[in-house]
Amino acid sequence: MCTNIVYEWLRTLQLPQYAESFVDNGYDDLEVCKQIGDPDLDAIGVAVPHHRRRIHEAVRRLKEADETAAGLYFTLEPQP
């Protein structure tokens, strides 16, 4: 079984059975996974409605985490 970030992500969602299909379809990175939509889930083979909802919710959380992180920054210049 593959042991990458997507596998770990799916494992936390209690959906590790899809890991191989995700990777086989090019979803081997969370950045790529953030683009998943219904046609992608069809291609991957996620047919169970509550599994699809769980993945969509997790993708939404990944995107929100990006938006939150985008507002954070630091500087090496001393503060006055």
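Restricting to the stretch 33-44, and then to whatever is part of a loop (DSSP other than H, G, I, E, B) and either among the basic types (Lys, Arg) or surrounded by fewer than 14 Cβ atoms within 10 Å (Cβ to Cβ) (or both), can you tell me which residue is nearest to the chain's Cα centre (by Cα)? The qualifying residue nearest to the chain's Cα centre (by Cα) is 34.
Taking each residue of the stretch 48-77 that is open to solvent by 80 Å² or more (accessible area, probe 1.4 Å) and looking for partners that are assigned to a loop (DSSP other than H, G, I, E, B) and at pLDDT 70 or above with beta-carbon atoms closer than 6 Å, six or more apart or interchain, yields 63/34.
Could you tell me which residue of the stretch 7-28 is surrounded by the most Cβ atoms within 10 Å (Cβ to Cβ), considering only residues that are assigned to a loop (DSSP other than H, G, I, E, B) and touching a helix residue (DSSP H, G or I) at 6+ places or on another chain (Cβ under 7 Å)?
Filtering the stretch 7-28 for residues assigned to a loop (DSSP other than H, G, I, E, B) gives 13-15, 25-28.
Next, only the ones that are touching a helix residue (DSSP H, G or I) at 6+ places or on another chain (Cβ under 7 Å) stay: 13, 15, 25-28.
Values: 13: 14, 15: 17, 25: 16, 26: 11, 27: 23, 28: 17.
Per the criteria, the residue is 27.
The values are calculated or read from the model by the stated rules, or taken from the named source; none is laboratory data. Predicted, not measured: the structure shown is a model, and the values here were computed from it. Because the Cβ atoms are built from the backbone with ideal geometry, glycine has one as well, and the counts that use them run over all protein chains shown. Heads up: the accessible areas ignore ligands, DNA and RNA and are worked out on the full protein's heavy atoms, side chains in. Shrake-Rupley method; radii C 1.70, N 1.55, O 1.52, S 1.80 Å.
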